[in-house]
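Encoded as structure tokens, the structure appears first; notes follow it.
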Amino acid sequence: MRVTGYHQFGGWALLINGVGTVLLGLLGLLSYLYVLSYPAADTLAPYQLVGLALFILGLPVIQLTQTRAGRLGWLGIGLMELGAVMALVYILLSWLTSVDTPSFVPFTSALAGLIGDLLVGYLTVRVGVFFPKWAGWSLAAAGLINFTLGLTPPSNILGIVASLFAMLGGLAIVAYAVGALSAYHAARWLNAQRSAGVRGMRP
């Protein structure tokens, strides 16, 4: 696998996003269990925007590491990117302006993210080398639950379920990040060994 500095950057971006997603899911779980009060949307918005930006910037490293996924993999990544960009714009407008964003925007964002999650998760299970299969299953399950619960009336029980699956999705992103970083360092080590071998063969 040919690696560049982006592989390292993308891996770290996904790692920070995944850890942040797990923490937000945990915060949501504790609030639904009445242990803590959930922060206001305006308080969380900056952190969500940073997390989404890191997710958008780091997401392509999954396909660059999982090259055997081919064009279908890039389609999945593209749909995940589209969903994340739409979510970022929606949160940004809601935070900074009083403009009423059309309801189809979050729905379209969630739908694009769902299809992307299912594609990337399926391809990870099928052809993944550096990524564990459970990460693919978890990514797909988290996307499906997130989309489904978004269509149902809110309740305390569903909030607990949503928080648990948000944490599961965050753990999947952490696994993808660790896999990408491991592949990056393994490729660099292998390239260094090859270069050393070539130098050793010279008279």
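Observations on the structure shown:
- Scan of region 54-102 for residues that are among the hydroxyl-bearing types (Ser, Thr, Tyr) and in contact with a Leu (Cβ under 8 Å, 6 or more places away or on another chain), ordered by number: 101
- Close pairs from region 93-112: first farther than 25 Å from residue 77 by Cβ and β-branched (Val, Ile, Thr), partner assigned to a helix (DSSP H, G or I) and open to solvent by less than 50 Å² (accessible area, probe 1.4 Å), Cβ under 8 Å, at least 6 apart: none
- Residue match in region 134-150 (condition: outside any helix (DSSP H, G or I), without any contact (Cβ under 8 Å) to a residue 24 or more places away in the chain and hydroxyl-bearing (Ser, Thr, Tyr)): no
- Hits in region 28-53 - residues which are aliphatic (A, V, I, L, M), in contact (Cβ under 8 Å) with a residue 24 or more places away in the chain and more than 17 Å from residue 88 (Cα to Cα): 29, 33
- Subset of region 111-133 (residues that are assigned to a helix (DSSP H, G or I) and either open to solvent by 30 Å² or more (accessible area, probe 1.4 Å) or acidic (Asp, Glu) (or both)): 111, 115, 117, 118, 119, 122, 125, 126, 133
- Residues located in region 1-50, provided they are over 24 Å from residue 175 (Cβ atoms), aliphatic (A, V, I, L, M) and open to solvent by 40 Å² or more (accessible area, probe 1.4 Å): 33, 35, 36, 40, 41
The values are calculated or read from the model by the stated rules, or taken from the named source; none is laboratory data. None of the values given here were measured: they were computed from a predicted structure. Positions of Cβ are generated from backbone atoms using ideal geometry, with glycine treated the same way; all protein chains shown enter the neighbour counts. Only protein heavy atoms, including side chains, enter the accessible area calculation; ligands, DNA and RNA are left aside. Shrake-Rupley method; radii C 1.70, N 1.55, O 1.52, S 1.80 Å.
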